[in-house]
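Undergrad: Handing you a structure now.
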Amino acid sequence: MKKKNIVLRPPIKTKYAYEKLRCCKNCHNYTVLMEENCTTCGKPALLPVQELALRAAKRSLSNDLLLTLLLTLIAVAFSPTFQFIAISAVSGAALMALLLFVRRKALPSRTSIELSKMFVRDRDRIANGLVRNLDIAAAQENEARSYELMREVAVIIRNDHIRKLQILLLQSLVLRKDMDLELEPLLLEDFDPELASYIGELAKIKRELIKDRTFQYVIKYEQQITAMKDGDDILAGVAGAAVRMKRYVLAYSGFLARYARKLPKDRFLRLYRIVTENPDLNWGALQAETARIYEEKYQWDADFQQIKPRSNIHDV
Ligand SMILES: [Zn+2]
């Protein structure tokens, strides 16, 4: 399959995932895509869910106020003496003043209560809306656009089906360093060769995206990756990403011992430096393996001459 050269737009980031969710005032359908009109009824009636929750919160707070006013009026109407009328009116007014005062403070928490009520009540509607969004995303002619739309849906629902679709789409594009790519949100439960290839590509262009969960995924499915056509390149690339930090080298020293020989010189130099400068840490088989590779390939290399064990520095 020939890969396409397409520009991927960065995602619009929001503090909470649900902030992307909008609901149609007219037909009550949900969407996370940025369309102007509701795709179900065609009306320009889409409102962000926070906006709807805020309106509901204002309404319920106003209801409290109206109820207090009503009760005050009833109390006044049924008061037998002037004294009772005065007490009812004053306490009713005080309560309404208090309600007005706390209203401002209560609004944010009331809004989040309304929001969670909405999510519980409209669970199925939201799910259906997202399924419709996915269909729209899958029907796009342009893979990048399709991926962008799926990424919007994946912010709200995380499942392996959507992740697989996203990985397939990404694998149909030429990936570049300047793209806004992600890895950890796309990690699957099971082994997937497309995901393994994607990890291999990221190891070349964006190794900072490879973190603990990816190392664990790769180690878990090492056998399957080895069996792939360019499996060894992928594993060596991931090993090259692990030498970024001492912590990773220590945590995945067994894995690194198996692929240290396949590292390019700059990555091996880094690994050799980390292991040699920290002789007191427990490197396991990695210590002997780096020493062996150094002897075989690099002992006359000038770049390696500066590296000395930290504890022996004063002896030199
Ligand atoms: Zn609608």
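Undergrad: Points 7 angstrom from Cα along the Cβ direction at Glu35 and Ala106: gap in nanometres?
TA: That separation, rounded to one decimal, is 3.8 nm.
Undergrad: Further question on the same structure: Between Ala285 and Lys164, what is 0.36 nm times their sequence separation minus the Cα-Cα distance? Round to one decimal in nm.
TA: Contour length minus Cα-Cα distance gives 40.0 nm.
Undergrad: Now for a different question. Restricting to DSSP loop positions (anything but H, G, I, E, B) with no more than 14 other Cβ atoms inside 10 Å of their own Cβ, which chymotrypsin sites (Phe, Trp or Tyr not before Pro) remain in segment 63-135?
TA: Answer by residue number: Phe78.
Undergrad: Can you list residues whose amide H is under 5 Å from Leu173's amide H, if they're 5+ apart or on another chain and H is modeled 1.01 Å from N?
TA: Answer set, sorted by chain and number: Lys4.
Undergrad: Can you pull the percent of segment 10-63's accessible area that's carbon plus sulfur, 1.4 Å probe, other chains left in place?
TA: 54 percent
Undergrad: Ok, one more. State in Å² the accessible area per residue of the chain; use a 1.4 Å probe, count heavy atoms of protein chains only, and round to the nearest integer.
TA: I get 57 Å² per residue for the chain.
Undergrad: What is the helix-to-structure angle for 123-138, meaning the angle in degrees between its Cα long axis and the longest Cα principal axis of the chain, kept from 0 to 90 and rounded to the nearest 10?
TA: That works out to roughly 50 degrees.
Undergrad: Sort Glu35, Glu19, Glu295 from largest to smallest accessible area, using a 1.4 Å probe on the heavy atoms of the protein chains.
TA: Glu295, Glu19, Glu35
Undergrad: Can you work out the PRE-style zone for Asp303? Point 7 Å along Cα to Cβ, and I want the residues of segment 227-270 with backbone N under 11 Å.
TA: 264-270
Undergrad: Next question. Could you state the angle between the C-alpha long axis of helix 49-77 and the longest principal axis of the C-alpha atoms of the chain, as a value from 0 to 90 degrees rounded to the nearest 10?
TA: Computed tilt is about 30 degrees.
Undergrad: log₁₀ I(q)/I(0) of the chain at q = 0.11, 0.12, 0.13 Å⁻¹, via Debye over equal Cα point scatterers, no solvent, to two decimals?
TA: -0.84, -0.91, -0.99
Undergrad: Let me ask something else about it. Restricting to DSSP H runs of at least four residues, report the calculated mean residue ellipticity at 222 nm for the chain, -39500 (n - 2.57) per run over all residues, nearest 500 deg cm²/dmol.
TA: -19000 deg cm²/dmol
Undergrad: Hey, another quick one. Specify the residue with the greatest mean-square fluctuation among Val174, Val90, Val32, computed from a Gaussian network of the chain linking alpha-carbon atoms under 10 Å apart.
TA: Evaluated over the chain, the most mobile residue of the options is Val90.
Undergrad: Please build a GNM for the chain, connecting alpha carbons under 10 Å apart, and tell me which residue among Ala127, Ala260, Ala291 fluctuates the most.
TA: In this elastic network of the chain, the residue with the biggest mean-square fluctuation among Ala127, Ala260, Ala291 is Ala291.
Undergrad: Connecting C-alpha atoms closer than 10 Å in a GNM of the chain, tell me which of Thr81, Thr72, Thr111 has the biggest fluctuation.
TA: It is Thr81.
Undergrad: How far is helix 160-171 tilted, in degrees, relative to the longest principal axis of the Cα atoms in the chain, given as a value from 0 to 90 rounded to the nearest 10?
TA: Roughly 50 degrees, rounded to the nearest 10.
Undergrad: If you roll a 1.4 angstrom probe over the protein chains with everything in place, what fraction of the accessible area of segment 101-166 belongs to carbon and sulfur, to the nearest %?
TA: Result for segment 101-166: 55 percent of the exposed heavy-atom area is carbon or sulfur.
The values are calculated or read from the model by the stated rules, or taken from the named source; none is laboratory data. All of these numbers come straight from a predicted model, not from anything done at the bench. Positions of Cβ are generated from backbone atoms using ideal geometry, with glycine treated the same way; all protein chains shown enter the neighbour counts. Ligands, DNA and RNA are stripped out before the accessible areas are found, and what is left, the full protein with its side chains, is counted by its heavy atoms. Shrake-Rupley method; radii C 1.70, N 1.55, O 1.52, S 1.80 Å.
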